[in-house]
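Only one structure is covered here, and it is reproduced in the block below.
The values are calculated or read from the model by the stated rules, or taken from the named source; none is laboratory data. Everything numeric in this text was worked out from a predicted model, so none of it was measured. Neighbour counts run over all protein chains shown; Cβ positions are idealised from the backbone, glycine included. In case anyone asks, the SASA skips ligands and DNA or RNA and just uses the protein heavy atoms, side chains included. Shrake-Rupley method; radii C 1.70, N 1.55, O 1.52, S 1.80 Å.
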Amino acid sequence: MPVQAIKSFDEFKTIINGDKIVVIDFWATWCGPCRMISPIFEKLSDTAVSEKIAFYKVDVDEQEQISQECRIKAMPTFIFFKGGEVIETITGADPGKLNQVIQKLAA
Amino acid sequence: MSPVAETSSKASADAKIRNVVENLAKINQRLGEADPREILEWAIDNLPGLYQTTAFGLTGCVTLDLISRISSDRAAKSGEAPKHLVPLIFIDTLYHFPQTIDLANQAAKHYGAPMHVYRPPGTSTVNEFEAKWGTSFWEKDEETYDYLVKVEPARRAYEELGVRAVFTGRRRSQGADRASLNAVEVDETGLIKINPLMNWSFAQVDEYVKANGVPYNELLDMGYKSVGDWHSTALPGSGDAGERSGRWKDKAGKTECGLHKDYFKFKLVAEKKLREAELARKDEAKDKVEQAQDGQQPTQQDVAPVAA
């Protein structure tokens, strides 16, 4: 499943309060490390883990309200939600760590 | 090909290889101070079953580019259609960075180089691999993982393609046991390994890439020293500085872009200032026009509207 961009704060609220575990990639167009890791995030979204986890992305400049709500301080930041609550956060482009957390949550 | 022709061409290949192995010391003496092109040309002229196995690191890309030049120069000389003289072998572990896969496809196309891709036995996508072996298999059984994604596919490639000789990207200046590299080596399986870049420094490799617009892995610009499977490649900034680390263009660190604490606040303030400056400019312009109209010389001629 391709990674979907979240386009509004309302959409964000709906998504994180759904049944499935959600992971959001908070990225910026001017951020080099984001460019490095987003193809890997996309790749992961195409594997079996997408049955348990829904993959989204948020451009922090376009969606300031979402970014402020989530207190984003550095990019990329990956936040995992379940039932409206944050269950994990990864700051920085660490493909190994990202994969580890995703595999753990999808198990 | 008839069985007789096949046998004799294999026999002739064997003879050529034997000749190289028997004269190794002399060959290495001759090529001791040779530059990459000379070593590559020698290999192309003397070695049957010659392939370039590469993961498209910087030296691999340079080697590919040089082979391309040699190929087109020779074609031009003989008046034949250009043909890339050394085929590529790419071992797709299924866990390469997407950027590496893109580069492999892009480079093969760019150079018109035939590329043979080999994947783990029985599984050609990461989903198939994980269905069979589970996720994060490299953590559970590193040896078997390496065997499945690298060792077995490479061995199968060499067998299926009749590989007798390969290029490596090793260089003497990489130090340790590479400091005494020879141009041509034979490994325990009888495979001939050629090190065309052995006499070049990293700076020379880098310079060649820049001077010739060689396509390379963009991850290298992001500070990665070397680029392997994405789950296990050391991130820039961790461990030794090394040849290529610290090349992030962002100031705020190598794996993330830090935000000022009050980024959004500052952004709002900056945008407000921009708007105010814009309004101030507009007001100024309006004032000027009004001044001009109050009995002063017109500062502008009336211009006929431009046709749409």
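Okay, here's what the table says:
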{"quantity": "Residues of segment B:273-292 classified as among the charged types (D, E, K, R) and modelled with pLDDT under 85, total", "calculated": "1"}
{"quantity": "Residue in segment A:88-98 that is in contact (Cβ under 8 Å) with a residue 24 or more places away in the chain, surrounded by fewer than 22 Cβ atoms within 10 Å (Cβ to Cβ) and of a type in the set (A, V, I, L, M, F, W, C) present", "calculated": "no"}
{"quantity": "Helices (runs of 4 or more DSSP H) contained entirely in segment B:58-163, each with at least 3 residues that are in contact with a helix residue (DSSP H, G or I) (Cβ under 9 Å, 6 or more places away or on another chain), surrounded by 13 or more Cβ atoms within 10 Å (Cβ to Cβ) and of a type in the set (S, T, N, Q)", "calculated": "B:58-78"}
{"quantity": "Residue satisfying condition, being modelled with pLDDT of 95 or more and either surrounded by fewer than 19 Cβ atoms within 10 Å (Cβ to Cβ) or within 11 Å of chain B (Cβ to nearest Cβ) (or both), within set A:Phe80, A:Phe55, A:Phe9", "calculated": "A:Phe9"}
{"quantity": "Subset of segment A:33-46 that is open to solvent by less than 10 Å² (accessible area, probe 1.4 Å) and in contact with an Asp or Glu (Cβ under 7 Å, 6 or more places away or on another chain) - its residue that is nearest to the other protein chains (Cβ to nearest Cβ)", "calculated": "A:Pro33"}
{"quantity": "Contacts under 7 angstrom Cβ, first residue in segment B:144-173 being free of Cβ contacts under 8 Å to residues at least 24 places away in the same chain, partner of a type outside the set (Asp, Glu), 6 or more apart", "calculated": "B:Tyr145/B:Phe137; B:Tyr145/B:Trp138"}
{"quantity": "Pairs, first within 15 Å of B:Phe97 (Cβ to Cβ) and of a type outside the set (Phe, Trp, Tyr) in segment A:42-59, second open to solvent by 10 Å² or more (accessible area, probe 1.4 Å) and assigned to a strand (DSSP E or B), C-beta under 9 Å, six or more apart", "calculated": "A:Glu42/A:Phe55; A:Leu44/A:Phe55"}
{"quantity": "Where a residue in segment B:215-234 is more than 9 Å from chain A (Cβ to nearest Cβ) and farther than 18 Å from B:Leu94 by Cα and its partner, wherever it lies, is modelled with pLDDT of 85 or more and part of a loop (DSSP other than H, G, I, E, B), with Cβ under 6 Å and at least six apart", "calculated": "none"}
{"quantity": "Filter result for B:Ala104 (out of contact with any Pro (no Cβ under 8 Å at 6 or more places or on another chain) and small (Gly, Ala, Ser))", "calculated": "yes"}
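Yes/no matrix, rows are residues, columns are (1) surrounded by fewer than 17 Cβ atoms within 10 Å (Cβ to Cβ); (2) within 47 Å of the chain's Cα centre (by Cα); (3) modelled with pLDDT of 80 or more:
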site	(1), (2), (3)
B:Val205	no, yes, yes
B:Lys210	yes, yes, yes
B:Gly228	no, yes, yes
B:His260	yes, yes, no
B:Gln296	yes, no, no
